[in-house]
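Worksheet: the structure to be examined is printed underneath.
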Amino acid sequence: MKIYRIINDPAFHTLAATEPEPLEPILSLDLEHLWEPWISAFGRQGPELRAADPQTTRRGNFFKFHPGFLAYDTSVADAAEQIELLQDDMEYLPARLEGTSERLDIMNVMGCYNCFDHGRAGYTTDENGGITAITRYAFHPTRIMDSTIFRIPETRFEEIYVLSGRGDAEFIEFYQENGFTGLIFEEIWSDG
């Protein structure tokens with residue numbers, strides 16, 4: 001089994017809200033379902049998002065949006081439905097691309113597992129004992145539940161992880177087999 005950190009590829013677009021004021025308080029909610037405040041603020045089409053850096057980046061299938069969330073286009077959603085990859089402990093929020101009728105999806109990763117192995121990992125802490133940086137990852141793989149895309153409490157505001165090698169539908173294989181762009185998978189841990 002391997003665990004990878006999902007990194008947004010800097011060569012591809014970062015999305016920003018055309019009207020950020022109603023979006024920021026919603027995105028600051030910690031591991032909560034966002035459907036009701038999202039739809040209440042933006043309606044069923046969701047917020048309008050724009051490429052923040054179109055002159056220096058290019059369009060991918062995945063976009064950098066906000067830590068803890070994955071933004072992607074309809075080609076990803078359509079392919080994922082074919083293999084039932086998208087999982088229950090994720091929430092899917094609608095959005096649209098500025099100046100077009102193109103729908104985007106925002107995946108709110110809700111799976112957060114207490115699987116970080118403090119005894120084997122390397123990390124620095126602040127004066128209150130909170131982790132400020134992880135220098136070596138280590139995990140308790142038996143504590144990772146059903147989802148192959150997840151967060152951990154120690155980095156839940158900054159990072160999303162993906163699991164490979166457990167035998168179920170795997171996000172990395174799905175991404176690579178479909179030739180999607182916009183993400184980088186950095187291997188951070190292996191049990192072998």
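Nothing in this text is a laboratory measurement; each read-out follows from the coordinates by a stated rule. In this text, all values refer to a predicted model and were calculated from it rather than measured experimentally. Here the Cβ positions follow ideal geometry from the backbone for every residue, glycine too, while neighbour counts run over all protein chains shown.
Adding -39500 (n - 2.57) for every DSSP H run of four residues or longer, then dividing by how many residues the chain holds, sets the calculated 222 nm ellipticity at -4000 deg cm²/dmol.
Per residue, the convex hull spanned by the Cα atoms of segment 65-147 amounts to 138 cubic angstrom. For segment 121-170, with the dipole built from +1 on Lys and Arg beta-carbon atoms and -1 on Asp and Glu ones, taken about the Cα centre, which of 147, 165, 130 lies farthest toward the positive end? My answer, from the dipole projection, is 165.
Each Lys and Arg adds +1 at its Cβ and each Asp and Glu adds -1 at its Cβ; summed about the Cα centre, the chain shows a dipole of about 380 debye. For segment 51-153, GluC sites (Glu not before Pro) meeting the loop criterion (DSSP other than H, G, I, E, B) and having at most 16 other Cβ atoms within 10 Å: 84, 98, 102, 127. Taking other C-beta atoms within 10 Å as the exposure proxy, 50, 151, 5 rank 50, 5, 151 from fewest upward. Mean separation of Cα pairs under 8 Å and 6 or more residues apart, divided by the residue count, gives the chain a relative contact order of 32 percent. A Stokes-Einstein calculation at 10 °C with viscosity 1.306 mPa s, built on the Kirkwood radius of segment 133-187 over Cα pairs, returns a diffusion coefficient of 124 µm²/s. Which angle from 0 to 90°, rounded to the nearest 10, does the C-alpha axis of helix 74-83 make with the longest principal axis of the chain? With both axes taken from Cα atoms, the answer is about 50 degrees. Just need the relative contact order of segment 1-82 here, percent rounded to a whole number, with Cα pairs under 8 Å and 6+ apart. Relative contact order of segment 1-82: 39 percent. One Cα centroid belongs to segment 120-175, the other to segment 1-59; the line between them spans 21 Å. The Cα-based radius of gyration of segment 50-192, divided by its Kirkwood radius, gives an Rg/Rh of 0.99. From the largest down, segment 23-113 spans 38, 33, 24 angstrom on the principal axes of its Cα atoms.
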